[in-house]
Amino acid sequence: MSTTQLETRNSKLETDLKDLAQDIVRRAMSGGATAAECVIREGDEFSTVVRLGQVETLKESGSKAVGLRVFYGKRAASTYSSDFSRAGIDRMLSSALELAKITSEDPYAGIPDQSQLGSLQGDLDLYFPDVYSLPGAERISYARRTEKAALDYDRRIKNSEGGSFDAATGHKILANSHGFVGEYRRSYCSIAAVPIAQTENGNMQRDYWFSVARSLGRLDSPEKVGTIAAQRTLRRLGARKVKTAQVPVVFDPMVASSILEHIFEGVNGDSVYRGASFLAGKLGEKIAGDSVNVIDDGTMPGGFGTSPFDGEGVPTRRTVVIENGVLKSYLLNSYSARKLGLQTTANASRGLAGTPGIGPGNYFLQPGTKTPQAIIAGIPQGLYVTEFLGHGANLVTGDYSRGASGLWISGGELAFPVEEITVAGNLKEIFFNISEIGNDLEFRGAVACPTIRIDGLTVGGE
Amino acid sequence: MDKNRFFFQHYGLNERDLERYLAAALSAGGDYADLYFEYLSSTSLMVDESMVKSASQGISAGCGVRVIAGERTGYAYTDDLSPERILHAAHTAALIASGPAKTPAVGFQEKPARSLYPVSLPSVDAEITAKVELVMRADSAARAYDPRIKEVRASYADELRHILVVASDGTFAEDSQPLARMNVSCIAKTDASSARGSSGGGGRVALDFFFGEKTPEYFANESARQAILQLDAREAPAGEMEVVLGPGWPGVLLHEAIGHGLEADFNRKQTSAFTGLIGKRVASEKCTVVDNGTMPWRRGSLNVDDEGQPTQNTMLIEKGILKGYLSDKLSARLMGVADTGNGRRESYEHIPMPRMTNTYMLAGDDDPQDIIHSVKRGVYAVNFGGGQVDITNGKFVFSASEAYLIEDGQITAPIKGATLIGNGPDVLTRVSMVGNDLKLDEGVGTCGKDGQAVPVGVGIPTIKIDRLTVGGTAKKDVGAFMQ
């Protein structure tokens, strides 16, 4: 099997896209807009899945698209297109200008002030061309090795959804009518294995593990990933239900991140100004235990949530969201900042179309000093959750109810696997009831959380 | 060949070009190749704080080329529909094979066209002012419902998706697929509490659907009603109990509990908890479940799937016995079963795989009132958010957004949303009563699998499940709690 040379993105094309974005902004302004913002995204992707040692899929392509947001005074509209021909761009421009005539005048609408715009300087370690440096056959080999390590680990692992290798690069350009022009590139690669284990009576369990990095050199070895995937899968064999109970619950880092995200959703400025968040109106109040410190930092070199500027062209920064349990800051874009009489925190998240939303930088709970094992050791009877099933958080009321699986804790040790249970409570209390925070903070994405113990939850079962 | 020919007209494509692209795809061998052209135009509007805050329109177009060699799939796509780029994609996809070139079948055979959504004026082409009227009416109606309704967000979105699928086996299929929906979500507030409600619907319909059948006022009132109801909802109970599901959207139970587990790709790979269960009992005798892509106007319906195959009304479970899986071309070939026309993909950037269309249980004979009266202590759930399933161990969840206690056969207090969890291969064996009131959902379902979202429908009559775990927080009045 031979490989393909991905087209080198030559510098002329780059200049062309930056020029194009600025040209689109200029044309929007001369078409009558009072403000305009253009975003262009282009990217490549490669992915392969190897199953039971054979290549199952091989996918490789590139794409680009452009989005435009225009304002007529306080009216706004947006359009997007994948068609970069002259006619396609013309159509995108005229649609935007037409569409802005039917929206309402919103006194808070607009792009950030000129003084707020800018871009972090220096290399943020976001782009490593080595993600595409492996020849095709070796990328396939990464996927195959990851799966093989899982399959070889134990004879009860007889099947697999496959091992995979993925790589992607992205290029983002933003230009607006205040003269801001910014761009940056990002790269990404990952390997994963999804093994399936089977008991003698035929019951199957599936789990997974993965490694993700911006540079090929920073990936964990395929053998390490496959081995952990196998161990996590085997750990689930023989899972049973347990009786309904109120017991301490420990959450492993992957599921703990999901709980931490509810704080992110709760401090999302767009939800706060509408009163659609259980944290609305609580700035300066205690909303969590003393040991809880939550940070959002878009500047960390190499971080999955790092960028030199946010979706509106405001330089990213480090924001303390919760300090010693006290809510210090919401996370905002320029619109929600104006609504709340505050300043943007540079968390605007811009897709191709529509108004900017709010996205995390690198968002995390600061670690404590205890190991996960020590946290578990302190629990006579409890639950260790390793996976959630479904969503079930009501951000307005704080009501929380999710399916879960994991391991029962007995006498300070992991005793047996459990499944088909639920974990329920209310977010208004949950963050006060974080009684232990582990020392195992690790970023596997933009949101990260160490192991945490939460008391006062109801485990629903038999 | 005449009629539609959107891509021929719009991009100057002709049959010779298509044959050339397919030949390029099979230039390194392979068993099958296809080209999937897609042109998607969409509009969306949102009202918040009684203002039309956002309006957006967009175009996305491209072509995906797939080559299958044995069990292997090569895939590449391009958003540039020039011959050079399509050929480049074809050669990239061809890398999956390694052998002498194969020849595509000579000539295309277009099957008789079905017409499940003959919309004369697609809503994407309708006047935008009419759409603005819809969302503004929804906003007014929701606010007028009750003074405790403080926040209303109403949205409207539509799209028109033109597709062309051609394949080396002679497949030639075109379709123009409209889709439209409205959504209203409300927040009700008192000094003591806040609550939310949400309602929406639509289908493969024209704009006049929202001016006639299901008006903005319908969705607004329903959303506001839910929010007001939830202000007084008490804690849901926790543990196993009898559960009655209302008709319509609670059919998401079927989608999660059995639907995904019956997709052929999982069963071919033997990773599904339903592997090897064809012919076995997986539900009570009262349960007959189908996946039907042929229903007119519905969100989950398609004239042809995304591989160009006509969709079907597929029997999944007949009187409790598992009859078949949902397949696509690859699964059909590798498993030696019929292709049920369930090969779908999110867009030209994605590889197709077996997906559901409209999945529902047929009506039974029981009176829904009798079903409620038969429950001593349980939960009656009529509205849900979404759900999820682990198809390997069979565990599934769906989260109730409107539910009530049943006490001594009577519906009593509303309870807060709770997640229900069960085991797919046996939950339907505990369906002891099936009502005569089958309803399909209003047209809001989106299914995610392997990172690909597709529109779907669900439906169910009122049913009683003898035992299901409810994930609430309230202690049951029997049984001790561990401390």
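Listed conditions (1) β-branched (Val, Ile, Thr); (2) surrounded by fewer than 24 Cβ atoms within 10 Å (Cβ to Cβ); (3) in contact with a Ser or Thr (Cβ under 8 Å, 6 or more places away or on another chain) are all met by A:THR345, apart from (2). Cβ-Cβ distances below 8 Å connect the following pairs, each with a first residue in the stretch A:403-426 that is more than 11 Å from chain B (Cβ to nearest Cβ), a second residue that is among the acidic types (Asp, Glu) and not in a strand (DSSP E or B), and a separation of six or more residues or different chains: A:GLY406/A:ASP252.
Scan the stretch A:36-51 and give yes if some residue there is in contact with an Asp or Glu (Cβ under 6 Å, 6 or more places away or on another chain), surrounded by fewer than 17 Cβ atoms within 10 Å (Cβ to Cβ) and more than 9 Å from chain B (Cβ to nearest Cβ), otherwise no.
The initial filter retains those residues of the stretch A:36-51 that are in contact with an Asp or Glu (Cβ under 6 Å, 6 or more places away or on another chain), namely A:46-47, A:49-50.
Adding the requirement that they be surrounded by fewer than 17 Cβ atoms within 10 Å (Cβ to Cβ) leaves none.
No, the stretch A:36-51 contains no residue that is in contact with an Asp or Glu (Cβ under 6 Å, 6 or more places away or on another chain), surrounded by fewer than 17 Cβ atoms within 10 Å (Cβ to Cβ) and more than 9 Å from chain B (Cβ to nearest Cβ).
Against the criterion of being in contact (Cβ under 8 Å) with a residue 24 or more places away in the chain and facing chain B (nearest Cβ under 7 Å), A:TYR72 does not qualify. Among the conditions (1) outside any helix (DSSP H, G or I); (2) in contact with a Ser or Thr (Cβ under 9 Å, 6 or more places away or on another chain); (3) under 25 Å from A:THR57 (Cα atoms); (4) more than 10 Å from every other protein chain (Cβ to nearest Cβ), B:LEU116 misses just one, which is (3).
Which residues, taken from the stretch B:82-105, are farther than 18 Å from B:PRO352 by Cα and either free of Cβ contacts under 8 Å to residues at least 40 places away in the same chain or at the interface with chain A (Cβ under 9 Å from one of its Cβ atoms) (or both)? Spell out how you get there, then give the answer.
The first filter runs over the stretch B:82-105 and keeps only residues farther than 18 Å from B:PRO352 by Cα, leaving B:82-88, B:91, B:95, B:97-105.
Selection gives B:SER82, B:GLU84, B:ARG85, B:HIS88, B:HIS91, B:LEU95, B:ALA97, B:SER98.
Applying the set (1) within 22 Å of B:PHE266 (Cβ to Cβ); (2) in contact with a Ser or Thr (Cβ under 6 Å, 6 or more places away or on another chain) to A:SER187 leaves exactly one unmet item: (1). Which condition number in (1) touching a residue at least 60 places away in the same chain (Cβ under 8 Å); (2) surrounded by 24 or more Cβ atoms within 10 Å (Cβ to Cβ) is the one that A:ILE379 fails? Every listed condition holds for A:ILE379 apart from (2). Could you check the stretch B:358-416 for strands (runs of 3 or more DSSP E) lying wholly inside it with 2 or more residues that are crowded, with 21+ Cβ neighbours inside 10 Å, of a type outside the set (S, T, N, Q) and in contact with a Leu (Cβ under 7 Å, 6 or more places away or on another chain)? Where strands (runs of 3 or more DSSP E) fall fully within the stretch B:358-416 and carry at least 2 residues being crowded, with 21+ Cβ neighbours inside 10 Å, of a type outside the set (S, T, N, Q) and in contact with a Leu (Cβ under 7 Å, 6 or more places away or on another chain), they are B:358-361, B:377-389, B:395-407. The set of residues from the stretch A:98-131 being assigned to a helix (DSSP H, G or I), buried (at least 20 other Cβ atoms within 10 Å of the Cβ) and within 14 Å of chain B (Cβ to nearest Cβ) comprises just one member, A:LEU99.
Just one of A:SER30, A:SER11 is surrounded by fewer than 15 Cβ atoms within 10 Å (Cβ to Cβ), more than 14 Å from chain B (Cβ to nearest Cβ) and at pLDDT 95 or above; which is it? Step through it out loud before you land on a result.
Values: A:SER11 fails: at pLDDT 95 or above.
Exactly one of A:SER30, A:SER11 is surrounded by fewer than 15 Cβ atoms within 10 Å (Cβ to Cβ), more than 14 Å from chain B (Cβ to nearest Cβ) and at pLDDT 95 or above, namely A:SER30.
In the set (1) crowded, with 18+ Cβ neighbours inside 10 Å; (2) under 29 Å from A:ILE454 (Cβ atoms); (3) in contact with a Ser or Thr (Cβ under 9 Å, 6 or more places away or on another chain), the condition left unmet by A:GLY238 is number (1). Looking for something surrounded by 21 or more Cβ atoms within 10 Å (Cβ to Cβ) and within 8 Å of chain A (Cβ to nearest Cβ) - is there at least one such residue anywhere in the stretch B:442-453? No, the stretch B:442-453 contains no residue that is surrounded by 21 or more Cβ atoms within 10 Å (Cβ to Cβ) and within 8 Å of chain A (Cβ to nearest Cβ). In the condition set (1) modelled with pLDDT of 95 or more; (2) buried (at least 20 other Cβ atoms within 10 Å of the Cβ); (3) over 18 Å from the mean Cα position of the chain (by Cα); (4) within 14 Å of another protein chain (Cβ to nearest Cβ), A:THR355 is compliant with all but (1).
Quick one: is B:ARG430 closer than 24 Å to B:LYS280 by Cβ, within 14 Å of another protein chain (Cβ to nearest Cβ) and more than 26 Å from the chain's Cα centre (by Cα)? Explain how you work it out, then say what you get.
Details: closer than 24 Å to B:LYS280 by Cβ: yes; within 14 Å of another protein chain (Cβ to nearest Cβ): yes; more than 26 Å from the chain's Cα centre (by Cα): no.
So B:ARG430 does not fit the description; no.
Given (1) touching a residue at least 24 places away in the same chain (Cβ under 8 Å); (2) more than 30 Å from A:ALA87 (Cα to Cα); (3) at the interface with chain A (Cβ under 9 Å from one of its Cβ atoms), where does B:ASP31 come up short, assuming only one miss? Here B:ASP31 clears every test but (3). Listed conditions (1) within 11 Å of chain A (Cβ to nearest Cβ); (2) touching a helix residue (DSSP H, G or I) at 6+ places or on another chain (Cβ under 8 Å); (3) surrounded by fewer than 24 Cβ atoms within 10 Å (Cβ to Cβ) are all met by B:LEU13, apart from (1).
Being closer than 30 Å to A:ALA239 by Cα, out of contact with any Ser or Thr (no Cβ under 8 Å at 6 or more places or on another chain), at pLDDT 95 or above and among the charged types (D, E, K, R) is the requirement here; does B:LYS439 meet it?
On the way: closer than 30 Å to A:ALA239 by Cα: no; out of contact with any Ser or Thr (no Cβ under 8 Å at 6 or more places or on another chain): yes; at pLDDT 95 or above: yes; among the charged types (D, E, K, R): yes.
In short, no.
For the stretch B:442-477, the set of residues classified as modelled with pLDDT under 95 and hydrophobic (A, V, I, L, M, F, W, C) consists of B:VAL444, B:ALA474, listed by residue number. Within the stretch A:56-96, the set of residues being in a strand (DSSP E or B), among the small types (Gly, Ala, Ser) and out of contact with any helix residue (DSSP H, G or I) (no Cβ under 8 Å at 6 or more places or on another chain) comprises A:GLY62, A:SER63, A:ALA65, A:GLY67, A:ALA76. In the stretch B:261-271, the condition of being under 21 Å from the mean Cα position of the chain (by Cα), outside any helix (DSSP H, G or I), under 12 Å from B:THR359 (Cβ atoms) and within 14 Å of chain A (Cβ to nearest Cβ) is met by at least one residue.
Please state which of the following conditions B:LEU326 fails to meet, knowing it meets all the rest: (1) surrounded by 20 or more Cβ atoms within 10 Å (Cβ to Cβ); (2) within 27 Å of B:GLU213 (Cβ to Cβ). Evaluating B:LEU326 over (1) surrounded by 20 or more Cβ atoms within 10 Å (Cβ to Cβ); (2) within 27 Å of B:GLU213 (Cβ to Cβ) leaves (2) as the failure.
Please go through the stretch A:134-168 and pick out each residue that is of a type in the set (A, V, I, L, M), assigned to a strand (DSSP E or B) and either farther than 16 Å from A:ASP207 by Cα or not assigned by TED's automatic domain parsing to the domain that holds A:ARG214 (or both).
Let us first name the residues in the stretch A:134-168 that are of a type in the set (A, V, I, L, M), namely A:134, A:137, A:140, A:143, A:149-151, A:157, A:167-168.
Pick out the ones that are also assigned to a strand (DSSP E or B) and you get A:157, A:167-168.
Hits for the stretch A:134-168 are A:ALA167, A:ALA168.
Please verify whether A:LEU52 is at pLDDT 95 or above, under 28 Å from B:GLY74 (Cβ atoms) and not hydroxyl-bearing (Ser, Thr, Tyr), treating the condition exactly as stated. Here the answer is yes, as A:LEU52 does meet what is asked. Do we have any residue at all in the stretch B:47-70 that's closer than 30 Å to A:GLY53 by Cβ and surrounded by fewer than 21 Cβ atoms within 10 Å (Cβ to Cβ)? For the stretch B:47-70, residues closer than 30 Å to A:GLY53 by Cβ and surrounded by fewer than 21 Cβ atoms within 10 Å (Cβ to Cβ): present. For the stretch B:248-275, a tally of residues being of a type outside the set (Phe, Trp, Tyr) and within 20 Å of B:LYS319 (Cβ to Cβ) returns 8.
Every condition in (1) within 9 Å of another protein chain (Cβ to nearest Cβ); (2) hydrophobic (A, V, I, L, M, F, W, C); (3) farther than 23 Å from B:GLY12 by Cα holds for B:ALA76 except the one numbered (3).
The values are calculated or read from the model by the stated rules, or taken from the named source; none is laboratory data. All figures in this text were calculated on a predicted structure; none of them were measured in a lab. Reconstructed Cβ throughout: ideal geometry from the backbone, glycine too, with neighbour counts over all protein chains shown.
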